[in-house]
1. Based on the Cα coordinates of the chain, what is the per residue volume of their convex hull in Å³?
2. Per 0.36 nm of contour for each residue apart, how much would the distance between residue 152 and residue 259 grow if the chain were fully extended, relative to their Cα-Cα spacing?
3. If you count, for each residue, the other Cβ atoms within 10 Å and average over each peptide, how do 284-295, 97-108 line up from highest to lowest?
4. How tilted is helix 143-154 with respect to the longest principal axis of the chain? Cα atoms for both, answer in degrees (0 to 90, nearest 10).
5. Using 0.36 nm times the number of residues separating residue 21 and residue 59, minus their current alpha carbon distance, what extension gain do you get?
6. Given the -39500 (n - 2.57) contribution per DSSP H run of 4+ residues, what per-residue ellipticity at 222 nm results for the chain, rounded to the nearest 500 deg cm²/dmol?
7. Take residue 333 and residue 139, extend 7 Å from each Cα along the Cα→Cβ direction, and tell me the distance between the two endpoints in nm.
8. Can you give the FRET efficiency to the nearest 0.05 for residue 245 and residue 40, using r as the Cβ-Cβ distance and R₀ = 22 Å?
């Protein structure tokens, strides 16, 4: 069995992520290499994508997502925004949507913890999914418009206010939104004012369209973040371990040892960089690299775990990477045309590292189309602030 060290694996992952040297290419290409960009905070997704590409700003990402070259008429989009792994909002390549639909719709339905009186029957769920696909075709609907259309297409029962929400109750049909997205029934449309819209998914019907989508997703995941285990893939994707075990068993994989842990890579994909990772990088909220980065104790060594993880969860704090390991946190505040970036290292940085940190801050500001100002000192805001 091949023995691999953490520095080898770290360097390989960073290289494939475009985090050692920014890659040439397109937003869709780098998002494919990332296995999706977390987009619950859209500005963070723009930074995640932009930092990995030469000269790309948030305007390029928005153009790829919405087909809007700086206010002109919309054209074809190469990215889509929808519910991805773990049921969280992601930006995905439009060309890969059939794979994602196939893979995500294969995740076994989780137990519904809602009160029995609030649940939908399997038949009702299917009717809602079909209705969402039907009413979003050729339309861009706000959540209120979508709700009205789904209730009209299915029946008054779908509108019963039975789902606890942040400041009230949601209608019954909204239980099926995550499933509908994973079936390809809709994607997010462009924002209308301050309101999110929903529209038809491009090139993927509301049913799996690719028999081997799960295998292709495992292949993409292991290419980007291997070596890994089925349990780690299950945590990343949001499915049960038995589902991940079966997916790995269907693949041509090779077992390796990562710091004494049994892990797997694609068969023959065992080449590693000859040098350990070097350099300073800033990664925003919920960057794909830290979400998928396991084992956590190797990526977040020592004090980094206590400072940069929130209850063991990665992504709630933007992180400072030094030589491939989390070595601090940072926060960005936009004020007019300026981006004020505060970086809190967990240990003293060398003069060369401080110079590289300044260059990273300039790049973050370039992506955000702002003027940078760096402060090295304590970050006083909490997680996901």
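1. For the chain, the hull spanned by Cα atoms encloses 149 Å³ per residue.
2. Full-extension gain reported as 32.8 nm.
3. 284-295, 97-108
4. Here the helix axis deviates by roughly 40 degrees.
5. Fully extending the segment from residue 21 to residue 59 adds 11.5 nm.
6. Computed ellipticity for the chain at 222 nm equals -10500 deg cm²/dmol.
7. 4.3 nm
8. Efficiency, from the Cβ-Cβ distance: 0.15.
Bear in mind these aren't lab numbers, they're just calculated from the coordinates by the rules spelled out. For clarity, every value in this text was computed on a predicted model and none was experimentally measured. In this analysis, Cβ positions are derived from the backbone assuming ideal geometry, glycine residues included, and neighbour counts consider all displayed protein chains.
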